[in-house]
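Below is one structure, written out as structure tokens; the observations come after it.
The values are calculated or read from the model by the stated rules, or taken from the named source; none is laboratory data. Just so you know, these numbers come straight off a predicted model, no measurement behind them. Note: ideal-geometry Cβ built from the backbone for every residue, glycine included; neighbour counts use all protein chains shown. SASA here: full protein model, heavy atoms, side chains in, ligands and nucleic acids out. Shrake-Rupley method; radii C 1.70, N 1.55, O 1.52, S 1.80 Å.
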Amino acid sequence: MSYVVTASPHLHSGDSTPRIMWNVVLSLVPVVAAAAWFFGPTALLVVLASVAGALLPERIWGRRSATRDGSAAITGILLALTLPPGIPLWMAFLGGAFGIIFGKLVFGGLGQNVFNPALLGRAFLQAAFPVAITTWPVAGGPWWGLRGDTFAIPFASPQPLDTVTAATPLGLMKFEHKGTPLWDLMLGTTGGSLGETAALVILLCGGYLALRNYLNWRIPASIFLSVAIFSGVLHLLDASRYPGPLFMIFSGGVVLGAVFMATDMVTSPVTHGGCYVFGAGIGLLVVAIRVWGGLAEGVMYAILLMNAVVPSINRITQPRVFGTREAA
Amino acid sequence: MRALLRFRHGVHPPERKERTAALETRRMPYPPEVVLPLRQHAGKPAIPLVKAGDRVERGDKIAAADGYVSVPIHASATGTVAAVGLWPHPDGSYDQAIRIAVEPWSAQAARPRLVPEWRGLSPREIVAAVQEAGVVGLGGAAFPTHVKLSPPKDKRIEALVVNGCECEPYLTTDHRTMADFPDRVLLGVRLMMKCLGVPKALFGIERNKPDAIEAIRRALPGDIDVEVLPLTVKYPQGAEKMLIQALTGREVPSGKLPLDVGVVVQNVASVATIAEVFETGLPLVERIVTVSGNGVRKPANLIVPVGTKLRDLLDACGGLSDDASEIVSGGPMMGVSQRDLETPVSKGTTGILVLTEAEAQRNRTYPCIRCGHCLDACPVFLNPQLLGSLALKARYGEMEPLHLRDCMLCGCCSYVCPSHIPLSQIFAAAKTAIRKAKTTEPAKAPA
């Protein structure tokens, strides 16, 4: 009779990396469903195209059965949620593939990447297809109707759009100085990307992940606080030029970014102190880009910029070792 | 001193104590052979005094202490010395051990008192008797008890801390010791307080043992100051530094000892053993061992002669189930997997667990996803994520300034890691590598 010999501990919490990842996917299902509710079946097609784009390179070049750990699926879904509903599917596919190849695989795959792959995919699309990615159809209209040139042939000259397009609340604010009722922002009955409209759904899903300890609540909390403080100060200085904190938080991608993008475990700090610094930095950058930058929205760049400094944040926020006054 | 009754971080593994927690301790029959390793304690191994063919009686000294930080070893059964030589050791190696063929039908009779009566002895004489009786810490580390009872003169000791936490899952030896022998435990507390000359004892027990807390409280004598403090159930509450923080609010400084914050910590089983050797007059020749896990048919808390082979111990517990797959000496968090049923129970063996295929954890490892759960678990606030990545690259030199020496290999980080990275195993290997490098370096350097 022979016995198994392993190193201690001989117990485990039962958690696993795929389990965390698939829980995140699960928590994204209601967000995708909300997108489908507002933007029709097109939304689901965009999600599918982006997920397929993310899974394909992971399958080809990733680790053995890497597609099964769920992380590439998250990248695909998250990327889709940052895209306008009417985006041609081939672009969504390309964005997913770019995010995984250049945002993850080139670094060495799962756990090795510096930048959030979904946001890198979006940054690529924004640079490559600036028009397609800023064309926002209005919510509502016939539910079954396509919201843009969904089935465009890759790299062909874009068809003239005959759908009604509208500016996002942020675009309205930035370029026309028009506000949007807060309630519309929270429920999502406004223009915008697939996943940035239904703030309440996103918050509920994030709450689920935080309860299961699959999401560090300190990151979204400090992002919201930081956005609120910086935009609140500006609003107090000049209310006519700068929108108030609630508008800043609930418009655009702040909620989606704070709950699902900034909290990506791989690309966020490991220390609690670091999470506060990271969140505060993102909030500051979001407000700065929105208020003084040329873009209406700044969440993507804010998170990517802070991703880059995560190693430094980790280094300066090491916990104090038990029985010492110094950090490790 | 301010009792916090808890410590920060740590984990909540499943307790799995229900199979043995309510079972009264019982005595197992003498096995046909006992094997007593010379190294059963921290410090120098004992020096054998017997040779093959010698007849020894239960309680006879068969190996002498080698210096101060060492204790003698006594025959745990009457019989004939079969051999002195290499034998499987509970730590997984082979080491010198004395094998005794136990006399069948021997009465293992009561003998004239070998340990003197404690009344009338000075503290110093009690401490000497404790060493002579071979008493070591029975919580697992097996540090010689007499050393802990004689702190250097320049350290002011304010209190004795009694460790009744038993935070390792499955184990119920300390629990049963407190519930079944509260008077013995409190006699041990009295003796230790006398040796240390302290006015106060703090008795920490995890809240999941209400019957033990109740038994100890009921048996409290009026003439000594013993405070029983029920503590939060969390692993590793029984680690010295965590326990001291929970009971006194003090942090033992890195690299220092409990003495440096004015306390001495003793495991409740060691406390009971001190009383037992003075009560019975017999040196440490047996201990209580929890045998549990789903792989053993009749789990039990057994009084076991030191040196009993796992084979005989498990036979006394109904044998193994068909799906038994892993045998662990100690608790599941820090215990050592055993590969040989010939391995004996030593003084430091708190329990023997037989895990089934389903209980034994063998999972696929994933890359670190930097979730930070290990930082939240580490009771000494290290960064296992960083240390682990350095260790895997063999960058051991960079691990030392990150306080690797403060890691006590409690296993919390491995327990929570969703990627199943064996962090505590990696750290144990790194510690060994660093120690080796240190011992070989001076030889290389020109003098």
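Before moving on, here are some points about what is shown:
- In region B:377-397, the residues that are open to solvent by 20 Å² or more (accessible area, probe 1.4 Å) and more than 8 Å from chain A (Cβ to nearest Cβ): B:389, B:392, B:393, B:394, B:395, B:396, B:397
- Single match in A:42, A:17, A:82, A:6 (criterion: within 30 Å of residue B:338 (Cα to Cα) and in contact (Cβ under 8 Å) with a residue 60 or more places away in the chain): A:17
- Qualifying residue in region B:419-428 (condition: open to solvent by less than 30 Å² (accessible area, probe 1.4 Å), on the phi < 0 side of the Ramachandran plot and part of a loop (DSSP other than H, G, I, E, B)): yes
- For region A:275-294, a tally of residues being within 19 Å of residue A:210 (Cα to Cα) and open to solvent by less than 30 Å² (accessible area, probe 1.4 Å) returns 3.
- Just one of the listed residues (A:151, A:175) is assigned by TED's automatic domain parsing to the domain that holds residue A:269, of a type in the set (Phe, Trp, Tyr) and at pLDDT below 90, namely A:175.
- Looking only at residues of region B:426-439 that are free of Cβ contacts under 8 Å to residues at least 12 places away in the same chain and among the β-branched types (Val, Ile, Thr), we find that the one that is nearest to the other protein chains (Cβ to nearest Cβ) is B:432.
- Checking region A:299-321 against the condition returns a match, with at least one residue being surrounded by fewer than 24 Cβ atoms within 10 Å (Cβ to Cβ) and in a strand (DSSP E or B).
- Odd one out for residue B:26 among (1) at pLDDT below 90; (2) within 21 Å of the chain's Cα centre (by Cα); (3) of a type outside the set (Asp, Glu): (1)
- Test: residue in region B:359-376 that is at the interface with chain A (Cβ under 10 Å from one of its Cβ atoms) and closer than 30 Å to residue B:61 by Cα: no
- Qualifying residues in region B:398-425 (those that are more than 7 Å from chain A (Cβ to nearest Cβ) and free of Cβ contacts under 8 Å to residues at least 24 places away in the same chain) - the one farthest from residue A:318 (Cα to Cα): B:398
- Residue within region B:141-164 that is without any contact (Cβ under 8 Å) to a residue 12 or more places away in the chain, over 30 Å from residue A:11 (Cβ atoms), open to solvent by 10 Å² or more (accessible area, probe 1.4 Å) and assigned to a helix (DSSP H, G or I) present: no
- Leading residue by the ranking (nearest to residue A:317 (Cα to Cα)) among those in region A:233-254 that are touching a Phe, Trp or Tyr at 6+ places or on another chain (Cβ under 8 Å) and in contact (Cβ under 8 Å) with a residue 24 or more places away in the chain: A:254
- The residues listed here are B:97, B:63, B:101; of these, the one that is part of a strand (DSSP E or B) and open to solvent by 30 Å² or more (accessible area, probe 1.4 Å) is B:101.
- Among residues of region B:393-412, those that are farther than 20 Å from residue B:141 by Cβ and touching a helix residue (DSSP H, G or I) at 6+ places or on another chain (Cβ under 7 Å), counted: 5
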